[in-house]
Amino acid sequence: MSVAGVAKQAQHYRPGRPLGSPDAIEAEFAAFCERNLSRVRNFLRGQCRDPEIVEDALQETFLAAREAWPKIREYDEPMGWVYNAARYKLRKQLERARRDLSIEDVPAEQIVQPSDAREAQETLVGLLSRLPVRQAQVFFLATEGFAENQIAGILGIARNTVHAYRYQARHALQQLLAGERPQTSAGE
């Protein structure tokens, strides 16, 4: 390989990762997106029922992730960064749209029992959109396998707060599934 070729590769070197061409880094990011796009979409859908706002926030999240990829690809859990960015992008989208997201918008009778895992996931996302935002975020991240201390780091809240929101979310979801209106508490 020529000196110029080595110099070009060195521009894209990141400690802890193999030296790769820009094409290899692009391919790595594309694979990351393919693996995680639906997870982030479900995270956002759990907080917002408007599909256009969700898709806009999703696109902005992955654009930001692409720009930050040389840095976040080094993280042990790059999805923590992505979930945090998604939360921020959704908040900005909602501020722009100035929409009122009332939990009374979806009647309880629209909730149906799922027939398969995909439908169960969609039902959960719909139910989460009826909870206070923080409770929905905590519960969703817990279903994605994040531990309470990881969730606390992603959302920037105390671990005890994560524990409380998770309990409150579980209780509210049980009420929703029973056809009752959940009593709103902290975590809005």
Checklist outcome for this item: Going fewest to most other Cβ atoms within 10 Å around each Cβ, 54, 138 line up as 54, 138
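Taking R0 as 25 Å, what's the FRET efficiency between residue 25 and residue 121 from their Cβ-Cβ distance, rounded to 0.05? Spell out each step's value before the answer.
Values: r = 31 Å, r/R0 = 1.24.
It comes to 0.20.
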Checklist entry - Sorting 23, 76, 50 on the 10 Å Cβ count, fewest up front, what's the list? => result 76, 23, 50
Checklist outcome for this item: Distance in nm between residue 91 and residue 37 label points, each 7 Å along Cα→Cβ, equals 2.7
Item to check | Whole-Hz ³J(HN,Hα) from phi, Karplus 6.51 cos²θ - 1.76 cosθ + 1.60, for region 23-40, glycine and proline x | outcome: 5, 5, 5, 4, 5, 4, 5, 4, 5, 4, 4, 4, 6, 10, 4, 5, 5, 5
Checklist outcome for this item: A correct fewest-to-most ranking of 63, 141 by other Cβ atoms within 10 Å would be 63, 141
Checklist entry - When the Karplus curve 6.51 cos²θ - 1.76 cosθ + 1.60 is applied with θ = phi - 60°, which whole-Hz ³J(HN,Hα) does each residue of region 46-53 get, with x for Gly and Pro? => result x, 10, 8, 8, 7, x, 5, 5
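Rule-based calculations on the coordinates, nothing more; no lab input. This is a predicted model, so every value here is computed, not measured. Note that each Cβ is placed from the backbone with ideal geometry, even for glycine, and that neighbours are counted across all protein chains shown.
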